[in-house]
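As structure tokens, the structure follows; a few thoughts come after it.
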Amino acid sequence: MCVQIDAIIEDGGVAVAQPEYLRIAADLRRRISSGEYGPGDRLPTLPELCEAYRVSETTIRNALSLLRNEGLIESKARAGTRVRPQPPVHRMAADRYRTAPGARATPYTRDQGIGWSEYRLDKRFERVQANAELAALFECEPGERLLARHFVSHDNDEPTQMSTSYVRWSDVAGTPVADPINEPWPGGTRAQLGSLGIHVNRVTESFTAAMPTDAEAATLRVGAGVPVLRYTRRHIADTGRVVEVAHPIVRRGDTTVVDFVIDLDD
């Protein structure tokens, strides 16, 4: 029989009982991070873990559920529970929007370090009206007609970014930019707008971090315990008019590094 025993930890000199599943999850997490269980390795079975830790099957399931939510392991029928391969860390460079117009690249492919043939984009377009939040971002009146472009960007077959990009319908109506068949567009959004005679000379971004929604976790194939990075981007024309708003762009937060370059000398 498996017996559950809570570990005792010290908190300000007071003994506090720690749920046993947390101790087991911490031990398995340590063994994964140390390489004892490497990417693709199969973990011991439930009965084997129960015997090794001398706890109930329910306790083991709780520990594994925690690690699964953190994206460290995955379980499949008849394949058991295995350590998930960890995706590489990608750096978002400060100059990624300087992609040459017409080049078979976008800021996304530069971030990922992939070629055009490795880039896949799922897309869905719809016409919407600006709500109060979008109107504030566009600096326009609520109700202005916009084209919403919903994207999921793939590095080969791995979805790593999802976003909704809005452009003014008055700018793109009847142009190739309004047709999803032309996505992905070489050079990205800046090149698209340039094809319409709109010269973008400023990009702003604001970042937040949070736990993923159910839709974000499912789309990006991350555990519910893996944080995501959400950011809002605005393309601004040389006339000072906001011509595109991406709100939000979502990436998994544990493998994304944002680089900033701040020049202090005039």
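The values are calculated or read from the model by the stated rules, or taken from the named source; none is laboratory data. Predicted model, so just to flag it, every value in this text is computed and none were measured. FYI the Cβ positions are ideal-geometry reconstructions off the backbone, even for glycines, and counts take in every protein chain you see. All accessible areas refer to the heavy atoms of the entire protein, side chains included, with ligands and DNA or RNA removed. Shrake-Rupley method; radii C 1.70, N 1.55, O 1.52, S 1.80 Å.
Here are some notes:
- Percent of Cα pairs exceeding the 22 Å cut-off, where the set is region 124-266: 44
- Difference of contour (0.36 nm per residue) and Cα-Cα distance, H199 to A79: 37.9 nm
- Value at 222 nm in deg cm²/dmol, rounded to 500, when DSSP H runs of n ≥ 4 in the chain each add -39,500 (n - 2.57): -7000 deg cm²/dmol
- Longest to shortest principal axis, alpha-carbon extents of region 138-207, angstrom: 38, 28, 25
- Contact order, relative form, for the chain: 17 percent (alpha carbon pairs under 8 Å, 6 or more residues apart, mean separation divided by residue count).
- Of the residues I60, I181, I114, the one with the largest accessible area comes first in the ranking I181, I114, I60, computed with a 1.4 Å probe on protein heavy atoms.
- Calculated translational diffusion coefficient of region 46-175 (4 °C, 1.567 mPa s; Stokes-Einstein with Kirkwood radius over alpha-carbon pairs) equals 68 µm²/s.
- Expected-Rg normalisation [2.2 N^0.38 Å, Cα atoms] applied to the chain: 1.28
- Local electrostatic count, V167, Cβ distance below 14 Å [Lys/Arg +1, Asp/Glu -1]: +3
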